[in-house]
Each structure stands twice: as structure tokens, then as C-alpha cells.
Amino acid sequence: MRFEKLLRPGVKEIKEYVPGKSIEEIARKYGLAPDKIIKLGSNENPLGASPLAVAAIKERTGKIHLYPPSDALELRKALSGYTGYQVNNIVVSGNGMDGIIDTVMRLFMKASAEVIIPIPTFLYYEIATLANGGTPVFVNRDENYNISAKEILNKVNENTKLIFICSPNNPSGNTVQEEELRKILESAKTIVFVDEAYADFSECNLMGLVREYENLIVGRTFSKAFGLAGMRMGYAVAPEWVCREYMKVMTPFSLDALSIAGGIAALKDKEHLGKTIENVNKGRIQLSKGLTSLCKVYPSEANFIMIDVSPRKAGEVSESLLKRGIIVRDCTSFRGAGESLIRITVGTQEQNRKVIEALSSII
Ligand SMILES: Cc1ncc(COP(=O)(O)O)c(C=O)c1O
């Protein structure tokens with residue numbers, strides 16, 4: 001193509017993000033009825049969204065011809081109540097936490113910038129780095145998928161701009177030890193982005209450290225515990241100086257009016273959040289107990305568990321599950337994950353039972 005040479009260096013080499021499979025795709029491919037398919041590949045909320053959020057979204061459609069407030073102040077106030085941080089420490093994004101990551105990249109990246117990514121982990125950090133002209137620098141996690149501050153700090157140099165730490169980590173489900181994170185925050189003269197997409201399900205909450213460190217940004221999402229993945233809403237808690245600059249470079253009206261209304265209502269619905277967390281707590285135990293005799297199950301603090309099906313291949317086992325109408329996440333596309341890891345979203349009790357039953361006959 002004549003104009004391809006205009007592309008930013010590195011863009012052609014980016015491997016596309018591999019999303020979890022959709023119900024429509026699997027129904028078509030295997031000739032299954034869509035309502036019989038169990039979707040446990042994208043860590044969504046099997047209980048759905050808060051009914052209060054759905055009602056608020058419907059109500060707001062009546063005024064959809066009007067722009068939303070560009071600073072999403074009312075939602076940020078509600079988030080202030082939820083997080084305990086001031087509004088000036090909170091920013092939001094209309095494309096989920098992916099959008100937050102992208103805007104943070106716009107704030108800090110330049111050509112030749114390096115971004116440290118402990119792998120295996122969420123794939124979008126790598127894509128966002130390359131798409132913003134940077135170079136990802138990978139550090140392997142240990143056999144239990146823990147990070148080592150020492151190994152990360154060894155990779156820091158004058159070009160390092162950002163370090164991504166996912167806690168609980170996707171796909172392994174483990175959290176980062178606060179001491180290790182503190183070592184990184186104190187020694188690395190860079191921005192540390194802690195991705196807490198799954199922290200609502202965990203005892204480990206690192207957001208509190210934003211009060212202590214001027215180089216820490218913590219990303220969160222409405223896609224998981226709040227069941228609003230389809231709305232695409234993310235937020236971050238960060239030092240005031242970061243939020244001030246963030247508000248300048250984000251796309252105007254970044255969060256749409258329906259999302260703002262839904263988000264405020266979802267934050268108020270403590271009952272739905274409580275039920276969601278209880279379902280995950282019980283479901284993790286159910287899945288772990290049901291699967292331990294079949295394969296290695298990793299401990300998880302998220303709304304999913306990771307299993308190792310070796311000597312079988314994750315691709316082969318996932319495919320057998322797909323044929324039975326169960327969508328899980330084959331982790332082979334996660335850099336550094338090898339070929340035998342599968343991630344399973346915690347579903348309802350009934351869905352979990354079906355997964356255990358299916359895996360028992362496959363493995
Ligand atoms: C660790 C992690 N971070 C961020 C995201 C993106 O979330 P959002 O839907 O808010 O873009 C995901 C989505 O699965 C995730 O697993």
C-alpha cells in the first residue's frame with residue numbers, strides 16, 4: 001500500500017488483541033442455541049448489572065440529545081464516596097480501563113520510551129505501549145506468577161516511563177505483595193500503573209497507597225464487579241498532579257450520559273455488589289474443590305480461576321468445552337503463559353457445576 005509507510009513505526013508489528021469468544025460466534029460455529037451457551041471467558045458478572053443501574057440508564061435515554069457534563073463530576077463525586085478519595089484524585093474514561101491506560105500513555109510516552117510489563121498478564125499493556133510508539137520490556141513472573149521488585153528494578157533505565165502491575169493479575173488471579181510494590185514505587189523514578197480491575201473481589205487493596213506516592217496511578221473498572229462491561233466505563237485514582245494533566249489530554253465528553261447515570265446508580269446499589277462478591281467467593285471455592293483432582297488450580301483473588309491442564313494443551317481442552325457450549329479463556333495467546341493454562345470466570349453455582357462436569361469428562 002502506497003501510504004502504509006506513513007504509519008507510526010511499530011504499528012504494523014502489533015499483534016491484535018485477542019478477546020474472549022462471544023456467544024454469537026460459538027453458536028454459529030458449533031450450531032448451538034445461543035441461550036444454552038455458558039460464557040465464562042471474559043470475566044463478566046454472571047448476575048448481570050445492578051437493576052438500579054439499568055433503570056437509571058433507561059431513564060436517561062429521554063435526554064440523550066444533550067451532551068453529558070464533560071468532567072463527569074457527579075459520577076466522580078459518587079466515586080469519591082466509594083473510594084474515599086477527593087474528586088480531584090479521580091478521573092474517568094469512556095472506553096473502560098483500556099481507555100484510562102490509553103490516556104495515561106498519551107501523558108507519558110515518547111519515542112524510545114520503555115514500559116516494563118511483568119508477564120504473563122493483561123495483553124493490552126503491550127498493545128498500548130506499541131501503539132503509542134514505545135517499547136515493551138518484559139519481565140517473567142516466577143512459577144507462582146509473583147513479581148520480584150528486584151527483577152523489575154533491574155530493567156529500569158533512563159528511558160523507562162511506566163511500569164504496569166496487575167493485581168489481582170489476569171490471568172493468574174494472584175495479588176502483588178504490598179512490600180514488593182513499595183520497593184518499586186520508592187526506587188524506580190517512573191510512573192507505576194497498578195491495574196486493580198479485579199480488586200473489588202480481593203482482600204488486597206492497593207489504592208490506599210496513592211495517598212503516599214506521587215508516582216502511583218491505580219486503574220479500576222465498572223466492567224467486572226459492577227456488571228457494566230457493555231457500557232465501557234473505567235476510572236482511576238491518582239495524585240492530583242496526574243489528574244490535572246489527564247483532564248487536559250483526555251477526549252472531551254469521554255464518558256457518555258448513559259454511562260454516567262448507570263455508574264452513579266450502580267455505586268449506590270450495595271445489595272447487588274454484595275450479592276456479586278458473595279457469588280464469586282462461593283464460586284471460587286466450588287470450582288477449586290471440583291477441579292483440584294483433575295488439574296492444578298491456582299489460588300485466585302479475582303472473579304476467575306486459572307487452571308493448568310498439562311500435559312494436555314489448553315487449546316484442545318478449551319475447544320472440547322466450546323463444543324459443549326462452554327466458553328472459557330485459552331491463555332495460549334497471553335505472552336509467556338505457555339500452552340496449558342485456561343482461565344475460567346466464576347459463574348453461577350449451576351454454571352460452575354456444568355464446567356466441573358464437562359472438565360471431568362474431558363480431562
Ligand atoms: C486486568 C484487566 N485490566 C483491564 C481490563 C479492561 O477493562 P475494561 O472493560 O474496563 O476496559 C481488563 C478486562 O478484562 C482486565 O482483565
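In the same structural domain as Asn146 (by TED's automatic domain parsing), over 19 Å from Met233 (Cα atoms), out of contact with any Phe, Trp or Tyr (no Cβ under 9 Å at 6 or more places or on another chain) and of a type in the set (D, E, K, R): does that describe Glu278? If you could, list the steps in order and put the result at the bottom.
On the way: in the same structural domain as Asn146 (by TED's automatic domain parsing): no; over 19 Å from Met233 (Cα atoms): yes; out of contact with any Phe, Trp or Tyr (no Cβ under 9 Å at 6 or more places or on another chain): yes; of a type in the set (D, E, K, R): yes.
No: the conditions fail for Glu278.
Checking Ala302 against (1) part of a loop (DSSP other than H, G, I, E, B); (2) touching a strand residue (DSSP E or B) at 6+ places or on another chain (Cβ under 7 Å); (3) within 19 Å of Ile38 (Cβ to Cβ), which single condition isn't satisfied?
Here Ala302 meets the rest and fails (2).
For Leu32, are the conditions met, namely being buried (at least 16 other Cβ atoms within 10 Å of the Cβ), away from the ligand (no atom under 16 Å from the Cβ) and in contact (Cβ under 8 Å) with a residue 24 or more places away in the chain? Break it down stepwise before answering.
Numbers: buried (at least 16 other Cβ atoms within 10 Å of the Cβ): yes; away from the ligand (no atom under 16 Å from the Cβ): yes; in contact (Cβ under 8 Å) with a residue 24 or more places away in the chain: yes.
In short, yes.
Name the single residue, out of those in the stretch 157-176 being not hydrophobic (A, V, I, L, M, F, W, C) and not in a loop (DSSP other than H, G, I, E, B), that is nearest to the ligand (Cβ to nearest atom). Walk me through how you get there before you give the answer.
Pass one, the stretch 157-176, residues not hydrophobic (A, V, I, L, M, F, W, C): 157-161, 167-175.
This time we only want the ones that are not in a loop (DSSP other than H, G, I, E, B), so: 160-161.
On the way: Thr160: 21, Lys161: 19 Å.
Ranking the qualifying residues of the stretch 157-176, first place goes to Lys161.
Quick one: what pairs do we get from the stretch 219-235, first residue part of a strand (DSSP E or B), second among the basic types (Lys, Arg) and more than 7 Å from the ligand (Cβ to nearest atom), C-beta under 9 Å, 6+ apart or different chains?
Listed pairs, sorted by first residue: Gly234/Arg220; Tyr235/Arg76; Tyr235/Arg220.
Select, from Glu203, Glu186, Glu179, the only residue that is in a loop (DSSP other than H, G, I, E, B), more than 14 Å from the ligand (Cβ to nearest atom) and of a type outside the set (Lys, Arg).
Glu203
List the helices (runs of 4 or more DSSP H) inside the stretch 1-111, counting only whole elements, that have at least 1 residues being of a type in the set (Phe, Trp, Tyr) and at pLDDT below 95.
On the way: elements: 23-30, 51-60, 73-83, 96-108.
Per the criteria, 23-30.
Quick one: would you say Ala229 is among the aliphatic types (A, V, I, L, M), more than 10 Å from the ligand (Cβ to nearest atom), farther than 25 Å from Met109 by Cβ and within 15 Å of the chain's Cα centre (by Cα)? First the steps, then the outcome.
Values: among the aliphatic types (A, V, I, L, M): yes; more than 10 Å from the ligand (Cβ to nearest atom): no; farther than 25 Å from Met109 by Cβ: yes; within 15 Å of the chain's Cα centre (by Cα): yes.
Taking the combined requirement at face value, the residue does not satisfy it.
The values are calculated or read from the model by the stated rules, or taken from the named source; none is laboratory data. Keep in mind that what you see is a predicted model, and the values were worked out from it rather than measured. All Cβ positions, glycine included, derive from the backbone under ideal geometry; neighbour counts span all protein chains shown.
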